[in-house]
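**Student:** Please find one structure pasted underneath; my questions will follow.
The values are calculated or read from the model by the stated rules, or taken from the named source; none is laboratory data. From a predicted model like this one, the values you see are computed outputs, not experimental measurements. So basically every Cβ, Gly included, is an ideal-geometry build from the backbone, and we count neighbours across all protein chains shown. Surface areas here come from the heavy atoms of the whole protein model, side chains and all, with no ligands, DNA or RNA. Shrake-Rupley method; radii C 1.70, N 1.55, O 1.52, S 1.80 Å.
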Amino acid sequence: MEAATGNEGAKARAVSATAFGCLDAASITWVANDGEGEIMGMYDECLAAVRG
């Protein structure tokens, strides 16, 4: 992950934060649904929402 501004770590941290945020959102949704559904499918939906 190269950054033109010299902040190479910024993009990597942003990607990591997004992944963890999506996992958190999927986990909260899964718990709110009483464990129903596939959590990894929910995670994929969360990532898709971020990607637009």
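**Student:** Search region 41-52 for residues being assigned to a helix (DSSP H, G or I) and of a type in the set (Gly, Ala, Ser), and hand back the single one that is least open to solvent (accessible area, probe 1.4 Å).
**Tutor:** Restricting attention to region 41-52, the residues satisfying the condition of being assigned to a helix (DSSP H, G or I) are 41-51.
After this cut, where a residue has to be of a type in the set (Gly, Ala, Ser) as well, the list is 41, 48-49.
On the way: 41: 29, 48: 54, 49: 77 Å².
Only one residue tops the list, namely 41.
**Student:** Within the set of pairs 6 or more residues apart or between chains, which connect a residue that is open to solvent by 50 Å² or more (accessible area, probe 1.4 Å) inside region 14-40 to a residue that is of a type in the set (Asp, Glu) with Cβ atoms less than 8 Å apart?
**Tutor:** 30/36
**Student:** I would also like to ask the following. Suppose we filter the chain for residues that are modelled with pLDDT under 95, among the acidic types (Asp, Glu) and in contact with a helix residue (DSSP H, G or I) (Cβ under 8 Å, 6 or more places away or on another chain); how many remain?
**Tutor:** Summing the residues that are modelled with pLDDT under 95, among the acidic types (Asp, Glu) and in contact with a helix residue (DSSP H, G or I) (Cβ under 8 Å, 6 or more places away or on another chain) in the chain gives 1.
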